[in-house]
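First up is the structure itself, then whatever we jot down about it.
What follows is calculated from the coordinates using simple rules that are stated; it is not laboratory data. Bear in mind the structure is a predicted one, so any value in this text is a computation, not a measurement. Heads up, the Cβs are rebuilt from the backbone with ideal geometry, glycines too, and the neighbour counts pull from every protein chain shown.
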Ligand code: G3P
Ligand code: CA
């Protein structure tokens, strides 16, 4: 079995509050390769890590990230919603996570959250943060917004891009021709339906990194298929199934 990349989805987000310093640090305690996270731009211009466009579900605050300043976001608790034990977790900037990944030697899959909110300059800003730390080989980006991935590839050809998608697409080969992306990031269920796609992707030199793999049977099926990367909420489980 080939060595697949194993990533904690939103950090180690099964037991810990997603996209928080704690969830990121807990990945480093496993044998996983790295972290997947989500980036937005807040009102005062900082690049911040959160899944949703709004902070309501994962903090004690309210409102859209684009309407909140960094100081306002910093005042929010992003841990207590999961459990009182995790109270005091704060939002991290992309820069903080990049510094952490560099120090901990972790790979980072950065998802640009520009499928609903089209943050101006998000691609340029993320590329600049990655380049400033010389992390072009250990950080790769993805998005459900494939136009954004095309723009990213044009402005930073040395950083790998990935096309996120959830449901099977028609005429995948022609679609991939038009997109000029390095990799594909389908929902893992796509491979239950179209396992033959792995040959199309590999034949084009593309890696297939799938999400969100939270059960052992699915992880085993995907590893046997020859998947390149697994992204899941329980990176410890992914390591166990992969024999680490
Ligand atoms: O990047 C894989 C996965 O994170 C995409 O979906 O909604 O969890 O960001 P979502
Ligand atoms: Ca994501």
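Entry for region 1-143 at q = 0.09, 0.15, 0.17 Å⁻¹: log10 I(q)/I(0) = -0.25, -0.70, -0.90, Debye formula applied to identical alpha-carbon scatterers, no solvent contribution. Packing, taken as the mean count of other beta carbons within 10 Å per residue, orders the peptides 76-87, 205-216 from highest to lowest as 205-216, 76-87.
Size of region 167-244: Rg and Dmax of its alpha carbons, in Å, are 12.7, 38. Were the residues from residue 158 through residue 67 laid out at 0.36 nm apart, the gain over their Cα-Cα distance would be 29.5 nm. Treating each Cα of the chain as an identical point scatterer and ignoring solvent, apply the Debye formula and state log10 I(q)/I(0) at q = 0.07, 0.15 Å⁻¹. Values, matching the q order: -0.22, -1.04.
Helical content alone sets the calculated 222 nm signal of the chain at -9000 deg cm²/dmol, taking -39,500 (n - 2.57) per DSSP H segment of four or more residues and averaging over every residue.
For region 67-133, how big is the tail of P(r) above 15 Å, as a whole percent of Cα pairs? Distances greater than 15 Å cover 66 percent of the Cα pairs.
For region 47-106, the calculated P(r) over all alpha carbon pairs, in 10 Å bins from 0 to the bin holding the longest distance, is 22, 49, 26, 2 percent. Legend: calculated FRET efficiency, residue 221 to residue 56, from the Cβ-Cβ distance at R0 = 22 Å, rounded to 0.05, equals 0.05. Dividing the Cα radius of gyration of region 25-81 by its Kirkwood radius returns 1.03 for Rg/Rh.
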